[in-house]
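Note sheet for the following structure.
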C-alpha cells in the first residue's frame, strides 16, 4: 500500500520549516555566533575556581574561544584584579588567563612572588627581550639579536661565539651602580651639582606659584639626564615633550595598540631616538679617548655610558643607528620615567602632611655640606642622607603608594610554585603593586600616607619593630626582584632623596590650601604612577 504522503512531499515540507527567508538568515547567523560564546562561557564557568587539569592556577570564565581573556587585559589591570578580589574575598588566588592560545599566569601572594624570583633557572625574563625592545623602544632585529646572545630561554642557534653583551653590561652595573662604588658616588655627586645649578635658573626671592608635579618634572628631567649622559645630549623642551608623549602611551605600546588609538606616541618615540642617534655619532670618538680611571666626564657623563658606547661599536654596524640609539634610550627611560614620578609623590606628601616638612627638614640638615661652585644652595653627604630614619620611612611609604611595577617572567621548564604548576611557554606576572595596596597586609588605612608605619611605634619592643618592618618590606617591591632587579635602583634612591633634601631645606613653601592629588591607577604596572591632576603651590628661596 502506498504512503499517503509521498517522500518528496515530506522532504519539501521539512525544508519549508527551515526555509532561508531574510528573517531566518538573521536568526541562524545570530545562533551561529551566540551559541559558541554561550557554550564557551558555560564550560569555563563550570571549572572556575579549580586548578586546571594540568594543575595550573584556576582559570576565570571567558566568552570567546581562542581569544580568551584578551579584551579583559586591554583595560585596567587594577580593576580586573579588583573583580577577582571580590570573588575570592581577599587579595586573590593565582589565576591562569589565556590570550590567543598563550597562557598568562597572575601571582598576587607575596610569598609566591618571592618564590617565583628564586626559581631563576626555569622562570626567567630574558625571552621577553624581543617583545620589550621592539614594541616599547622601537629596536630593530639587529639589536634584539645582540641582546639575546647567551640568554636563557632564547634559541642560541646562529649566535654561538658572539659577544655576550648583556653579561658584560650587567658586570658594569655591579661595578658602577652598586652601593659604595666610586661610580655611584660620582654619579650622585654630579646629580646634586647639576640640580643646584639648574635650580639657580628658576627660583627667586619672591614667592612664585607653580604646578608642583610639572615643575618637579621640568627641573629633574634634564638634571638626571645630564648626570648620566653628560652635556652633549640635548635635553631641551622639545626633547622633554617628545619623551613624555611617548611615555604616556607606554602601557598601550605594551598591549600593541595601533597608531590610530595612540596618535603621536610612536612618532614622539622616533624623535627621541633621533636625538640619541645624533648624540652617539657626536660622542663615540670622544668615548675612546677618555682615560678608564675617569668616572664622570662632562661631555659623555658616567663611565657606564662611555663603556656602553664603546661596546656597542663592537656589536653593531656603524650605520645601524636605531640599534645603537634604542639600547641607550631604554636605560634613559628606566631612569627618568620611574624616578621622577616617585619624586613628585614624595615631595607632595612631605608638603601636605601636617608637621612632616619641619620634622624632615630638621633631620636632613644634619647632612648638609657647603654649596657647589656656582650655586648658593646646600649640597648633602649622600651616605649620611640615605641612613636617615624618617627620610627613609617617607621614601618607602611614597613608593608604596605611588609606584606600580610588574615582574614579568617566562616559564622555560614546567615549574611548581606553592602547589600550582606553571607550564613551559607560559608567562607569569608577579603583581606586587596589588600587594602594596592590600588592606589585609597594611590595615584599614592602606590608602593613607602613613610614614610612621616604617618606624618603631611608641613603646614597641625593638625586636618586634624590626620584625614588623622587615615583613612590610617583603611586601614592597617597587624595583622588581630576582636576577633582573632594577640595576639603577640605588642611584634612583639617592637622586630622589637628594632632591627632596635640597628642595625642603633651600626653599620656603606655601601649599595655599591644596592637597595631594589623586593617583592615576589606570597606569597600573607602568612604574612611577602619574597624578590625575596637578596641584598648585608657592615657593621662594629661603632667606
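No value in this document is a laboratory result; all are computed from the given coordinates. The structure presented is a predicted model; accordingly, all values stated were derived computationally and were not measured. Neighbour counts are summed over all protein chains in view; Cβ atoms, including those assigned to glycine, are modelled from backbone coordinates with ideal geometry.
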Distance in Å, no decimals, from the C-alpha centre of the range 144-175 to the one of the range 225-250 is 28
Between residue 313 and residue 24, Cβ-based FRET efficiency (R0 56 Å, step 0.05) works out to 0.20
Note: probe point = Cα of residue 231 + 7 Å toward Cβ; backbone nitrogen < 11 Å; residues of the range 273-315 passing the test are 298-300
Stretched fully, the stretch from residue 518 through residue 389 gains (0.36 nm per residue minus C-alpha distance, one decimal, in nm) 43.8 nm
In nm, the gap between the two label points placed 7 Å beyond Cα toward Cβ at residue 42 and residue 88 is 2.9
Each label sits 7 Å from Cα toward the beta-carbon; between residue 460 and residue 34 the label points are separated, in nm, by 5.8
The relative contact order of the chain, taking Cα pairs under 8 Å that sit 6 or more residues apart, comes to a percentage of 20
CD proxy, 222 nm, the chain: helix-only mean residue ellipticity via -39,500 (n - 2.57) per DSSP H run with n ≥ 4, per residue, nearest 500, stands at -16500 deg cm²/dmol
In Å³ per residue, the alpha-carbon convex hull of the range 156-301 encloses 185
Rounded to the nearest 10, the angle in degrees between the Cα long axis of helix 303-315 and the longest principal axis of the Cα atoms of the chain comes to 50
With 0.36 nm assigned to each residue of separation and the Cα-Cα distance removed, residue 73 to residue 447 gains 132.2 nm
Helix 389-402: inclination vs the chain longest Cα principal axis, degrees, rounded to 10, gives 30
The chain: Kirkwood hydrodynamic radius (Cα pairs, Å) comes out at 26.1
Rounded to whole angstrom, the alpha-carbon centroid of the range 392-458 lies from that of the range 333-373 at a distance of 24
The FRET efficiency for residue 157 and residue 53, from their Cβ-Cβ distance with R0 = 35 Å and rounded to 0.05, is 0.55
The alpha-carbon center of the range 482-512 and that of the range 92-125 are separated, in whole Å, by 31
In whole Å, largest first, the alpha carbons of the range 61-113 cover along the principal axes 31, 19, 17
With label points set 7 Å from each Cα along the Cα-to-Cβ direction at residue 200 and residue 267, the distance between them in nm comes to 4.0
Note: probe point = Cα of residue 142 + 7 Å toward Cβ; backbone nitrogen < 18 Å; residues of the range 271-307 passing the test are 273-285
FRET efficiency (residue 209, residue 174; Cβ distance; R0 56 Å; to 0.05) is 0.80
So the angle from the long Cα axis of helix 165-177 to the longest Cα principal axis of the chain, reported in degrees to the nearest 10, equals 40
Using alpha-carbon coordinates alone, the radius of gyration and Dmax of the range 216-312 in Å work out to 15.4, 49
